[in-house]
Amino acid sequence: MSDLETPHRAIEIHNDQDFVRIDTDSLTQAVSQVFEEEQVRCAHLSIAILDDPQIHVLNRQFLAHDYPTDVLSFLLEESPKGIEGEVIVSAETALRESEKWGWSPEEELLLYLIHGTLHLVGYDDLEVEAAQIMRARERHFLNRCGISVPTAPPSRFAASLAGTERESPVPYQDPKRR
């Protein structure tokens, strides 16, 4: 963990797909914004942008789920000063899902990347209340990137992201992290 002792953020993007145009600067800026607001001083993040067959193999290998998925995130190392992790997204899924929900594949892919990064910094979505908090943070970071959430909910992040589950979305509550 000695690399994480010096304050810095290293974000590497590996693009191994031809479905979605990738703007590495925008993706890096979005992830950096998450780290900044979540007070992660030091981070090493590897982002892999794959197609469905590639992410299917990883989903089966690491989570025993025999299907492609939209995003996987792996926290490899954590200390009080920083994190090291990987976020893997499927551009093919982003292309398919974006058509269903009426926004660009780049915006759908950015949602996956923000979602995976939020997992790395400590958010979860397994319980209803935690998922509502996570959806509020996703909306916040998408808005910070100049993206309005479409009226139809994108992807499997469903109605809570678009704010349609409740009349008023759950406000952000600091989960007392870093």
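The values are calculated or read from the model by the stated rules, or taken from the named source; none is laboratory data. From a predicted model like this one, the values you see are computed outputs, not experimental measurements. Note that we place each Cβ from the backbone using ideal geometry, even for glycine, and neighbour counts take in every protein chain shown.
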Count - residues of region 51-68 that are under 22 Å from SER98 (Cβ atoms) and touching a Leu at 6+ places or on another chain (Cβ under 8 Å): 3
Filter result (out of contact with any strand residue (DSSP E or B) (no Cβ under 7 Å at 6 or more places or on another chain), under 16 Å from HIS119 (Cβ atoms) and acidic (Asp, Glu)) within region 35-92: GLU37, GLU38, GLU78
Qualifying residue in region 91-106 (condition: surrounded by 20 or more Cβ atoms within 10 Å (Cβ to Cβ), under 20 Å from GLU36 (Cβ atoms) and among the β-branched types (Val, Ile, Thr)): no
Check on VAL20, of a type in the set (A, V, I, L, M, F, W, C), farther than 19 Å from LEU118 by Cβ and modelled with pLDDT of 95 or more: yes
Failed item, numbered, when GLU138 is tested on (1) more than 13 Å from the chain's Cα centre (by Cα); (2) buried (at least 20 other Cβ atoms within 10 Å of the Cβ); (3) free of Cβ contacts under 8 Å to residues at least 40 places away in the same chain: (1)
Residue check, HIS44 surrounded by fewer than 20 Cβ atoms within 10 Å (Cβ to Cβ) and touching a Leu at 6+ places or on another chain (Cβ under 9 Å): yes
Residue within region 75-90 that is within 18 Å of the chain's Cα centre (by Cα), surrounded by fewer than 19 Cβ atoms within 10 Å (Cβ to Cβ), among the hydrophobic types (A, V, I, L, M, F, W, C) and closer than 28 Å to ALA136 by Cβ present: yes
Matching strands (runs of 3 or more DSSP E) fully within region 27-104 where at least 2 residues are among the β-branched types (Val, Ile, Thr): 42-50, 82-90
Subset of region 22-36 [surrounded by fewer than 16 Cβ atoms within 10 Å (Cβ to Cβ), touching a residue at least 12 places away in the same chain (Cβ under 8 Å) and farther than 12 Å from LEU109 by Cβ]: GLN29
